């Protein structure tokens, strides 16, 4: 049995527990909260064997094979570093850290200790995300030239969005998905970035538009925001057709169009639970193989995307307390 311990007992921890519950070879072995009462309540509700009233107590548990960091962005660095210092492999919820400097320090620490660490950007590990790449490379839509991705939710009053000390704003919470979507399918050779951003009353970015130009002439247009609802879809347009992904955050349906005719519709695997399971399955595979990073989300990708977001925040005038 591969045993996972979770730091943080919020809603995303619940999603992870629900994803792992049906698996036969992976379990949620422990939950840690700042309150032992909350940890015990969470453990009882989800049938988790162990509950800890401090994060430090959990990371020294010898039975835990992987620590999942499910606290706010602002605390990812501190909690992941704590786990690494106690010899634990780590899965860090997106956004990986507050900034690229923290990301590099975490990854360098993991490498120096020979420990596995990866970012829990769940779309990177999902079967349908990999299927999109296969469809692109098949040539059915011709030469891909334009990509659009959008992800918006009504989140304008959520603390993690409006507070700088929690690394607020739409970019680290939602825009990170759009940036990853573009990077997965259009690569890294970006020659120009143009962006526009609306700041909220607390100075955090509440919605933004980002346009990326690539050396080979491709373009990506990305939107994310916390002030409205939208269709959350991604479209990759080519010279002979296009691919429509129903939700860049959690793809459940892909449509392949050629010359404006629908030629294929691919839906989520029947065995998919909620999508969170795939990243832990990949962590287990990598750890058992002696890897320190996942090829599905290489360390270089995590660092480069953090640098992208650092540059955008600098342009927009958004500063977090942990920025150096």
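When restricted to residues that are in a strand (DSSP E or B) and surrounded by fewer than 18 Cβ atoms within 10 Å (Cβ to Cβ), region 145-185 contains 3.
Among the residues of this structure, residue 254 does not count as one that is more than 23 Å from residue 26 (Cβ to Cβ), part of a loop (DSSP other than H, G, I, E, B) and in contact with a strand residue (DSSP E or B) (Cβ under 7 Å, 6 or more places away or on another chain). Applying the condition of being in a loop (DSSP other than H, G, I, E, B) and in contact with a strand residue (DSSP E or B) (Cβ under 8 Å, 6 or more places away or on another chain) to region 71-94 and asking which residue is surrounded by the most Cβ atoms within 10 Å (Cβ to Cβ) yields 71. Taken over region 21-51, the criterion of being in contact with a helix residue (DSSP H, G or I) (Cβ under 6 Å, 6 or more places away or on another chain) and either in a helix (DSSP H, G or I) or within 27 Å of residue 322 (Cα to Cα) (or both) is satisfied by 31, 32, 33, 46.
Pull out all pairs, ordered by first then second residue, where Cβ-Cβ is under 6 Å, the residues are six or more apart or on different chains, the first lies in region 199-226 and is surrounded by fewer than 18 Cβ atoms within 10 Å (Cβ to Cβ), and the second is part of a loop (DSSP other than H, G, I, E, B). That search, which allows pairs on different chains as well, returns 215/189. If you go through region 135-144 one residue at a time, do you hit one that is in contact with a strand residue (DSSP E or B) (Cβ under 8 Å, 6 or more places away or on another chain) and closer than 20 Å to residue 296 by Cα? Yes, there is a match, as at least one residue in region 135-144 is in contact with a strand residue (DSSP E or B) (Cβ under 8 Å, 6 or more places away or on another chain) and closer than 20 Å to residue 296 by Cα.
Coordinate-derived values only; no laboratory data. Bear in mind the structure is a predicted one, so any value in this text is a computation, not a measurement. Positions of Cβ are generated from backbone atoms using ideal geometry, with glycine treated the same way; all protein chains shown enter the neighbour counts.
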